[in-house]
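Q: Below you will find the structure I want to go over with you.
What follows is calculated from the coordinates using simple rules that are stated; it is not laboratory data. Just so you know, these numbers come straight off a predicted model, no measurement behind them. Here the Cβ positions follow ideal geometry from the backbone for every residue, glycine too, while neighbour counts run over all protein chains shown.
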Amino acid sequence: MKLNELSPAALKAAMEGGMEAWGQHGSIFQHRLYVEPQDARGVHYRKCRCGCGAKAKFRLMANGVCMSEGCELSLRRAVKTGGVSLT
């Protein structure tokens with residue numbers, strides 16, 4: 001994995017948590033969590049699971065692996081609480 005290809009949020013998580021098994025193994029409890037927007041190319045967004053009715057345009061990532069999808073507010077809350085409040 002080239003560091004120049006990572007998003008700013010992924011790069012920060014990689015520098016703080018390390019690049020061991022990046023993109024191969026992710027854990028909500030062991031790795032740094034961060035939020036990224038989803039790709040907009042031909043994607044049919046699902047509804048967010050938090051109940052807000054918004055489209056799930058963001059991904060919760062850990063070590064380069066997608067852990068969940070949802071609205072930005074619910075995923076930022078999950079990052080802050082350590083992923084405990086995922087529904």
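Q: Does anyone have the angle between helix 72-81 and the longest principal axis of the chain? Alpha-carbon axes, 0 to 90°, nearest 10?
A: So the inclination is approximately 50 degrees.
Q: Based solely on C-alpha atoms, express the radius of gyration and the Dmax of the chain in angstrom.
A: Considering the chain through its Cα atoms, Rg and Dmax are 12.8, 37 Å.
Q: Quickly estimate the mean residue ellipticity at 222 nm for the chain, helices only: each DSSP H run with n ≥ 4 gives -39500 (n - 2.57), and the total goes over all residues, rounded to 500.
A: Working: 2 runs with 20 residues, N = 87.
After summing the helix terms and dividing by the residues of the chain, the value is -6500 deg cm²/dmol.
Q: Before anything else, pin down the relative contact order of segment 3-81: Cα pairs under 8 Å, at least 6 apart, normalised by residue count, whole percent.
A: Numbers: 125 pairs, mean separation 24.2, N = 79.
Computed over segment 3-81, the figure is 31 percent.
Q: Are there cysteines in the chain with no second cysteine's Cβ under 4.7 Å away, and if so, which?
A: If one checks each Cβ against the other cysteines of the chain, CYS50, CYS52, CYS66 turn up with nothing under 4.7 Å.
Q: Expected output is a single nm value to one decimal: the length gained when fully extending between GLU5 and ALA40, i.e. 0.36 nm times separation in residues minus the C-alpha distance. What is it? Working shown, then result.
A: Details: separation 35, 0.36 × 35 = 12.60 nm, distance 1.80 nm.
Result: 10.8 nm gained on full extension.
Q: Next question. Can you spot the lysines whose alpha carbon is less than 19 Å from LYS47's alpha carbon? Ignore those fewer than 8 places along the same chain.
A: Those lysines meeting the cut-off are LYS55, LYS57.
Q: To the nearest 10 degrees, how steep is helix 8-17 against the longest Cα principal axis of the chain, on a 0 to 90 scale?
A: Between helix and principal axis, roughly 50 degrees.
Q: Under a GNM of the chain (C-alpha, springs under 10 Å), which listed residue has the highest mean-square fluctuation: ALA14, ALA40, ALA62?
A: Largest GNM mean-square fluctuation: ALA40.
Q: Let me ask something else about it. Just LEU60, LEU33, LEU11 to compare: in a GNM of the chain, with alpha carbon springs under 10 Å, which one fluctuates most?
A: Of LEU60, LEU33, LEU11, the most mobile in the Gaussian network model is LEU11.
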